[in-house]
1. Give F30, F21, F61 a once-over and let me know the one that is out of contact with any Lys or Arg (no Cβ under 7 Å at 6 or more places or on another chain) and among the aromatic types (F, W, Y).
2. Going by the structure shown, is I88 within 30 Å of I146 (Cα to Cα), more than 16 Å from ligand 2 (Cβ to nearest atom), among the aliphatic types (A, V, I, L, M) and touching a strand residue (DSSP E or B) at 6+ places or on another chain (Cβ under 6 Å)?
3. Applying the selection to the stretch 164-179, what residues are on the phi > 0 side of the Ramachandran plot and within 14 Å of ligand 1 (Cβ to nearest atom)?
4. Among the candidates I435, I393, single out the residue that is assigned to a loop (DSSP other than H, G, I, E, B), among the aliphatic types (A, V, I, L, M), within 16 Å of the chain's Cα centre (by Cα) and over 30 Å from S278 (Cα atoms).
5. Quick check on this structure: which one of V414, V443 is at pLDDT below 85 and either crowded, with 23+ Cβ neighbours inside 10 Å or in the same structural domain as M464 (by TED's automatic domain parsing) (or both)?
6. Within 16 Å of ligand 2 (Cβ to nearest atom), modelled with pLDDT of 95 or more and not in a loop (DSSP other than H, G, I, E, B) - does that describe any residue in the stretch 58-68?
7. For the stretch 215-252, which residues satisfy the criterion of being polar (S, T, N, Q), out of contact with any Leu (no Cβ under 8 Å at 6 or more places or on another chain) and assigned to a strand (DSSP E or B)?
Amino acid sequence: MENKTLEKEKILDVKNISKEFPGVKALNNFNFDLYKGEVHGLIGENGAGKSTFIKLLSGAFQPNIGEITISGETHKYLTPHVARRLGIQTVYQEDILVPGISAAENIFLGTELIDSKKFFVSYRTMTDQANTLAEQMGITLKVDEIYERLSPSDQQFVKILKALAQKPKVLILDEPTQAFNVKDIGLVIEMVKRISKEGVGVIYIAHDLEEIIEVADRITVLRDGRAINTHDKKLEKYQPDDLAKEMIGRPVDLFFKKKESPVGDYIFEVRDLKIKESAKPISFRVREGEILGVAGLKGAGRSEIARAIFGAYRKLGGKIFYKGKNITPSNPIQAVKSGIALLTESKKVDGLFMGLPVDHNITVVGIDSIGKLFLSLGKERKLCNEYVNKLNIKTPSLNKEIRFLSGGNQQKVVIAKWLFKGVNILIVDEPTHGIDVNAKTEVYELFTELAASGKSIIMISSEMPELISLSDRIIIIRNYEISKVLEKNEINEENILSGFMGGN
Ligand SMILES: Nc1ncnc2c1ncn2[C@@H]1O[C@H](COP(=O)(O)OP(=O)(O)OP(=O)(O)O)[C@@H](O)[C@H]1O
Ligand SMILES: [Mg+2]
């Protein structure tokens, strides 16, 4: 019958899987397969069931019905142990390695290299092997560096190398580039292609359609727990619009066109802000109703600057003014009282109370790290409902504890929370990371509305289209300094990229 040399080897076959949680059918008769040496992309709206699926494959959850065939064995469910034995390795977005030890040690932690030899394993052997692994993958990584001192992208590389050190048959990457620079996304894509060429089957989850189109040999679209369609690169040219339509269930406009509204006078000023001894102080002003984009590479200091303005990061100097009045907050509570809000990048860590229901998380303004104090605003449920609807937050009810929501929906709750607070200056750090294409548009519309109503938004973003379509002006941060300011008519990709490099 078939030509065996042409027919690829199927290493994973998932049939009629269903997984129910109270009030939610996360997966509904879902089918999925994976061949040796292919990258199979998985896309879908926030809450579509992507993470649930990979948790079934890694043995973290058990399906209600269905079966999983892998490497010739068929199972009703997998346990973490069985999944590992069968060669499944998963890199979760939240996966946090041991911060205080080196990259190399993290990579080999829990592997034979350490287990069997315990104290005798030489640090040298480990770093050598880590270096070899990194080299094979075409990346440069300081394997000696303490994990927490690595850039977010390098930390992610360490996680991937750690999974690879186990020599997996199936490698699962759940939104691996969420915290990445454009340049590093390219590296991940190269790396994944290389891994698959060596015969590993890769399951790749991403919200960025361009990224998934670039990396995936096949793409399966998941909607409400069902496989809607599977596309094959060899048989067709992927169409982003079609993919988005299948994900959402109706056509969506992938290019956001902002409705421009007039901006007012300067109302907010950051004067001589210094958070790094060696860097020139930072000064900039923001107008009423303005969206000020903040561009720069990861590690350039953008998040630290935002947190310093918010009083959540140590300042070496500098003042903050609102309508000419010095309001320099020394902690986040003062910042909130002065009408400043910060939507942090690591939203799950310091933005939410995981054990509290959705509505509490929206109506309560929690203060990260300081923790104990928070302002309860106790406003009407109506407004709360409105934001849940506007942002299309997928939850069985407002009473659902936040930890049961999908990653992207948790992030939408953080956005709703700050909108609800009705602040004057909204600082947002990578506001749409992890959010699906449709919800992105909703967020852009909300930001546009807010700006039109006179709020000012300072938007840190690494997404070019987002920076370009929303910003009235852009400041570019490099090494904790402003390297360039772009006026509206100067905003384009080329100018932004040249600002990253420090060009003027
Ligand atoms: N432990 C759980 N308990 C209850 N419900 C859950 C649990 N985990 C997930 N869910 C629900 O299952 C559905 C699918 O969630 P899942 O995390 O798989 O979505 P996702 O496609 O990964 O979305 P995202 O893009 O936001 O990460 C959601 O409605 C979510 O609220
Ligand atoms: Mg998820």
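1. F21
2. Details: within 30 Å of I146 (Cα to Cα): yes; more than 16 Å from ligand 2 (Cβ to nearest atom): yes; among the aliphatic types (A, V, I, L, M): yes; touching a strand residue (DSSP E or B) at 6+ places or on another chain (Cβ under 6 Å): yes.
When the stated conditions are applied, I88 passes them.
3. E175
4. Among I435, I393, only I435 is assigned to a loop (DSSP other than H, G, I, E, B), among the aliphatic types (A, V, I, L, M), within 16 Å of the chain's Cα centre (by Cα) and over 30 Å from S278 (Cα atoms).
5. It is V414.
6. Checked the stretch 58-68: no residue is within 16 Å of ligand 2 (Cβ to nearest atom), modelled with pLDDT of 95 or more and not in a loop (DSSP other than H, G, I, E, B).
7. N229, T230
Yes or no, residue by residue, for (1) away from ligand 1 (no atom under 12 Å from the Cβ); (2) small (G, A, S); (3) in contact (Cβ under 8 Å) with a residue 60 or more places away in the chain:
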{"site": "K10", "(1), (2), (3)": "yes, no, no"}
{"site": "F21", "(1), (2), (3)": "no, no, yes"}
{"site": "A26", "(1), (2), (3)": "no, yes, yes"}
{"site": "K36", "(1), (2), (3)": "yes, no, yes"}
{"site": "A60", "(1), (2), (3)": "no, yes, no"}
{"site": "L86", "(1), (2), (3)": "yes, no, yes"}
{"site": "P99", "(1), (2), (3)": "yes, no, no"}
{"site": "S102", "(1), (2), (3)": "yes, yes, no"}
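The values are calculated or read from the model by the stated rules, or taken from the named source; none is laboratory data. Please read all numbers here as calculations on a predicted model, not as lab measurements. Every residue, glycine among them, receives a Cβ derived from its backbone with ideal geometry; neighbour counts consider all protein chains shown.
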